Protein chains: 2
Amino acid sequence: MGRRSTFSDDDVFAAVGRMLVRDGEVRMQSVVEETGVSVGSLYHRFGSREGLLARAWLDTLGAFHARFLAALDQPGEVPGLAAALETPRFCRAEPDKALILVCCRRSELMSDNTPEALQAELAAANDRVMVAIDAFCRHTGLPLEIARLGLIGFPLGAVKLYLPGEPVPEALDAEIERAYRAVVLPRLASS
Amino acid sequence: MGRRSTFSDDDVFAAVGRMLVRDGEVRMQSVVEETGVSVGSLYHRFGSREGLLARAWLDTLGAFHARFLAALDQPGEVPGLAAALETPRFCRAEPDKALILVCCRRSELMSDNTPEALQAELAAANDRVMVAIDAFCRHTGLPLEIARLGLIGFPLGAVKLYLPGEPVPEALDAEIERAYRAVVLPRLASS
DNA sequence: CCCATATTAGAACATTATTTCTAGAACAAA
DNA sequence: TTTGTTCTAGAAATAATGTTCTAATATGGG
């Protein structure tokens, strides 16, 4: 099988997030210093700087999307509320990935030079979410703009007050719920 | 008096915002291409890359703070609501600066290498806002966390759904107001 | 007009970053 | 043990970026 790795992808991705938030940029040299992994190993694993950054972004997005889409399907008293609350929960469950999800832009990690296969992966991931939200809107009768606001806009804005640095308090969830109800309930077709 | 400038600070700051959002980074070379201003002129005006970026950030922050603080003092039916709505209004009134305010982090524009005078300016600006929000909380009896959420967290999360690219719709303000009322009104000492 | 001043201009230089490359280490199977 | 494979390691080569510098351009006042 050959030699075993001495480092995990996640170690490197976490360092990427920390550096982006702290320095506003990611240098290969900084990754080497921050993780203790040698340059050669990084290039062996990720091919290029662009590849490394893109995979960090896709890793984060994938982890969040999995939870978000599962929650969106979940039935509940208030449709979609569970999905809205998935954002603060994700921040507590995966603080390293949350740094990337909440504090960074896609354009910091992916560009036109990103390997094509990874660009395609991103497009596919985005498509899945768009399809799911569209279905949610058709099912509930909610306008797309309202759904986006309650499901993503408000929750993201809320957790961003704490990241990076502080943990996202449990009490925040109740406030996100208030905001969600305030914008969503008036638009729900009363069943 | 000497020769007159052929470019304004704002031209350059706007380019900085566009590039950060588009490329995730700011190269001096890109600023030259994007603005048509020569490298020499940029260094003459701003001293260094760090200085240029910091001044772009301070310029944006100053413009927003001026409006926000004025709105926060303004009396109204619901205390603070005008300040909460200042975020979407700022995005419409100053779309270039909004790009920096809403889509970028401070760490992308200022670091430990930033000229000390500009670091001090930032600290002073942040202090002024913190003092004002503290006073607002004392005056209304609102917990700080709730005030931050309603005044900043939710409005910022909302406009971020549109920037960069789309203009922030007027209709969004009503939704921000709903969210603001939902989290703030229950906590207001009934007068 | 001529001087002092402020600004522009971009080539040359210095610095810093990314990438490649070669040698060697760890591991599994034959 | 030998062999094939995968991974580590970091110095060297390559590429790119930030900065300086000198000359030239524009403007207003004496």
Completion exercise
Shortest first and in nm, the label-point separations between residue B:120 and its counterparts in the other identical copies (7 Å out along Cα→Cβ) come to 5.7
Exercise for the section: Once the label point is placed 7 Å from Cα along Cβ, list for residue A:29 the distances to the corresponding points in the other copies, in nm, shortest first. Expected result: 1.8
Fill in the blank from the handout: Scalar couplings 3J(HN,Hα) for the range A:151-160 by Karplus 6.51 cos²θ - 1.76 cosθ + 1.60 (θ = phi - 60°), nearest whole Hz, x for Gly and Pro, are 7, 10, x, 5, x, 5, x, 5, 5, 5
Exercise for the section: Please arrange A:19, B:130, A:28 by accessible surface area, largest first, computed with a 1.4 Å probe and ligands excluded. Expected result: B:130, A:28, A:19
Exercise for the section: May I ask for the longest run of chain A untouched by GluC sites (Glu not before Pro) that are loop-located per DSSP and have at most 15 neighbouring C-beta atoms (other than their own) within 10 Å? Expected result: A:78-169
Problem - For residue B:163, net neighbour charge (Lys/Arg +1, Asp/Glu -1) across residues whose Cβ lies under 13 Å away - result: +3
Exercise for the section: Run the numbers on chain A and let me know its relative contact order in percent, using alpha-carbon pairs under 8 Å that are six or more apart. Expected result: 24
Problem - Of all accessible heavy-atom area on the range A:48-187, the percent that carbon and sulfur account for (1.4 Å) - result: 54
Practice task
Take B:92, A:89, B:3 and sort them by solvent-accessible surface of the protein heavy atoms, 1.4 Å probe, largest at the top.
Solution key: B:3, A:89, B:92
Problem - Across the identical copies, how the residue B:174 labels are spaced - nm, sorted shortest first, 7 Å along Cα→Cβ - result: 3.0
Practice task
Please name the residues of the range A:109-149 whose accessible area, counted over protein heavy atoms with a 1.4 angstrom probe, falls by no less than 20 Å² between the chain alone and the full protein assembly.
Solution key: A:145, A:148, A:149
Practice task
Could you provide, to the nearest whole Å², the per residue accessible area of the protein assembly as shown with probe 1.4 Å?
Solution key: 49
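The values are calculated or read from the model by the stated rules, or taken from the named source; none is laboratory data. Note that the coordinates shown come from a computational prediction; the quantities given were computed from them, not determined experimentally. Neighbour counts run over all protein chains shown; Cβ positions are idealised from the backbone, glycine included. For the accessible areas, the whole protein counts, side chains as well, though only heavy atoms, and no ligand, DNA or RNA atoms are used. Shrake-Rupley method; radii C 1.70, N 1.55, O 1.52, S 1.80 Å.
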